[in-house]
C-alpha cells in the first residue's frame, strides 16, 4: 500500500511538472471533501465534514508522527485560521498577513501584508484573528478586519481585486472566512455586539463586483419584519462571522446567524428574525428559501453561527439529507437541508438551566424559571455561559463511525440584564456577566464524541483548560485537535484514547488539516495563543502559554533509504 501511494504521488508530481496544475475550479471546490491532495476550502469540503478518507496515519502508525518543518507567521495574536493546500503549496493567513509556503520544504514563496488604523482595533470584540480563506480560479480570497474582501494571485500574492463591504467605524469587522458557491463569493461580518445590522454579501469571484446583500435583521418591508418593534432591527446584531456550507445538488447555501443586540431581550420584543437562526439562500441571488430559528428573542448571547455539517442520516427508517449543528445554547440540532424541517434536537452538555427543554414539534425553547428571573431583572447563575456548550471551534463528522467530534464546555456565568443606549462604534450589550470557574475540581472542557440523533456521547475526554480550536477526523479512526497549552493531539475515534501528542510553540486555537503529498499523508496545524478564551477566561494555565504564530507540518518517518 505504501509503495503504491508513493508511485501514485510521484506520477502526480510528474504530471504537474510537465503540464502544470489547473487553478482550483468550482469542480475542485465540489470535490474538496474527497480530493486528498488538496484542501481548498475551510471545512475541508463544502459539506464542512472535516473528514479525510486518508488512512496512512492511523491508530497503529500515529505514534510515529513527527514534525517535518515549521514556519513563523510573524504575529503575536491568536491564530484561528485553517491552512489550505494546492499543488504542493500550503497557504496560511493571519489577521495582517497572507503566506504561501512550499509544502515540501517550508520555504516561504511569497507574503502579502495588510495595514490597519490602530484605532480600529477597539471595535474588534474577541481578539485580532482571521479564520481562513478559499482558493478559487487562481485566487486566494480572504476577508480583512477593516471589512475588505480581498483576492490575491495564488502564484505571486499580488492583489487581483479588493472591495470594501462596510465601515469599521460603525462597529463592523470581518474575522471569518468566505465561501465560494456557484462562482459567487459569500462573505459575512462580525460586530453583532457593537449594535450593527448584520448581513451577508455575494460577490462575483472573478471581478469582485457586488451581486447582492441579505440583511440578517428583517426590515419593516421584509418577510419577518414584524418580529422587530420599531427601528430595533437597525442595531439588532445578527452577525455572520463563521462560514456556512453549500449543497450543489439542492443549490442552497446554509449560513448561521448570530445573536440579537443588545443582549437584553426586554428592550426588543418579538422573535427578532433572523437572529439565532440558520438561513438557506440561493448563492446567485441571495434569495432566502427557508430559515429555522433556534431561539426567538435570545437574551443570553447564545448565537447561531456554528458550523452546519451536511450528512445523509437514516431517521425513522428513511434516509434524510440533513445539516447538523451543536449550538452554543447546549442543544444539538438535526435539520432537513431541503426544507428546514427540524428532525431532531437534543441536549449534548451536562449542565443546562436556561431552558426546561424544547417543544417537541418546533424545537423552540421552553424557558426555565431561572431565565424568567433574569428577564425580570434578577442576577442569576446561567448554564451554559455565553461561551456556550460549544464555542466557534468547528466540529467534525466521521461517516464511518457516525459520530460528531467536538470540543465542549461545562462553564457557567453570573448574569444580569442592564440598560444601554446605542452609540456608533461602541459596545451595545446591556448585560453584565462574569464566568464562574467550578469549585468542585471538575474540568471546564471535554473532547466529546456525540451521536447526532440523540446527543448522547460515545465517549468523552476531559480537557482543562478547555480546547476551542476545532477537530479533524479521518478514515484512520483518528480525531485530531489542538489544545490551548500548545499540544496537537490524536485520539482513537471509537474509544477516545489519546494515542499521540506533540507540543508546539504556542497554544493551538485553530483547526488542523490533513492531505496527501507525493503519496505521503501530512497533518498541518497553526499555533498561536489568543482569541476569546485567552482574553476572558480566568484560567491560570493560560497565562503561562507563550505567544507567537507558527505553522507546523507533520508526517510519518520515511523508510530508511527513501529520499524525495
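What follows is calculated from the coordinates using simple rules that are stated; it is not laboratory data. The structure displayed is predicted, hence computed values, not measured ones. Here Cβ is always computed from backbone atoms with ideal geometry, including for glycine, and neighbour counts include all displayed protein chains.
Residues of region 375-394 that are under 28 Å from residue 175 (Cα atoms) and touching a residue at least 60 places away in the same chain (Cβ under 8 Å): 382, 386, 387, 388, 389, 390, 391, 392, 393, 394.
Comparison of 496, 469, 476, 507 shows that the only residue that is outside any strand (DSSP E or B), at positive phi and in contact with a strand residue (DSSP E or B) (Cβ under 9 Å, 6 or more places away or on another chain) is 496.
Tally up the residues in region 211-258 that are under 18 Å from residue 310 (Cβ atoms), crowded, with 24+ Cβ neighbours inside 10 Å and either without any contact (Cβ under 8 Å) to a residue 12 or more places away in the chain or in contact with a helix residue (DSSP H, G or I) (Cβ under 6 Å, 6 or more places away or on another chain) (or both), please. Counting residues in region 211-258 that are under 18 Å from residue 310 (Cβ atoms), crowded, with 24+ Cβ neighbours inside 10 Å and either without any contact (Cβ under 8 Å) to a residue 12 or more places away in the chain or in contact with a helix residue (DSSP H, G or I) (Cβ under 6 Å, 6 or more places away or on another chain) (or both) gives 0.
Filtering 415, 397 for residues that are in a strand (DSSP E or B) and more than 22 Å from residue 258 (Cβ to Cβ) leaves a single hit, 397. Out of 309, 315, one residue alone is more than 18 Å from residue 192 (Cα to Cα), surrounded by 24 or more Cβ atoms within 10 Å (Cβ to Cβ) and in contact (Cβ under 8 Å) with a residue 60 or more places away in the chain. It is 309. Kindly check whether there is at least one residue in region 528-550 that is in a strand (DSSP E or B), crowded, with 21+ Cβ neighbours inside 10 Å and either within 20 Å of the chain's Cα centre (by Cα) or touching a residue at least 40 places away in the same chain (Cβ under 8 Å) (or both). Scanning region 528-550 turns up no residue that is in a strand (DSSP E or B), crowded, with 21+ Cβ neighbours inside 10 Å and either within 20 Å of the chain's Cα centre (by Cα) or touching a residue at least 40 places away in the same chain (Cβ under 8 Å) (or both). Hey, can you tell me all the residues within region 113-143 that are surrounded by fewer than 23 Cβ atoms within 10 Å (Cβ to Cβ) and under 18 Å from residue 80 (Cα atoms)? Listed by number, the residues that qualify are 113, 114, 121, 124, 125, 126, 127, 128. Restricting to region 158-188, count the residues that are within 20 Å of residue 41 (Cβ to Cβ) and in a loop (DSSP other than H, G, I, E, B). Qualifying residue count, region 158-188: 7.
Within region 388-410, the only residue that satisfies the criterion of being buried (at least 24 other Cβ atoms within 10 Å of the Cβ) and farther than 18 Å from residue 309 by Cα is 409. Inside region 369-387, residues that are assigned to a loop (DSSP other than H, G, I, E, B) and either in contact with a helix residue (DSSP H, G or I) (Cβ under 8 Å, 6 or more places away or on another chain) or surrounded by 18 or more Cβ atoms within 10 Å (Cβ to Cβ) (or both) make up a count of 5. Right, residue 425: part of a loop (DSSP other than H, G, I, E, B), free of Cβ contacts under 8 Å to residues at least 40 places away in the same chain and out of contact with any strand residue (DSSP E or B) (no Cβ under 9 Å at 6 or more places or on another chain) or not? No, not satisfied.
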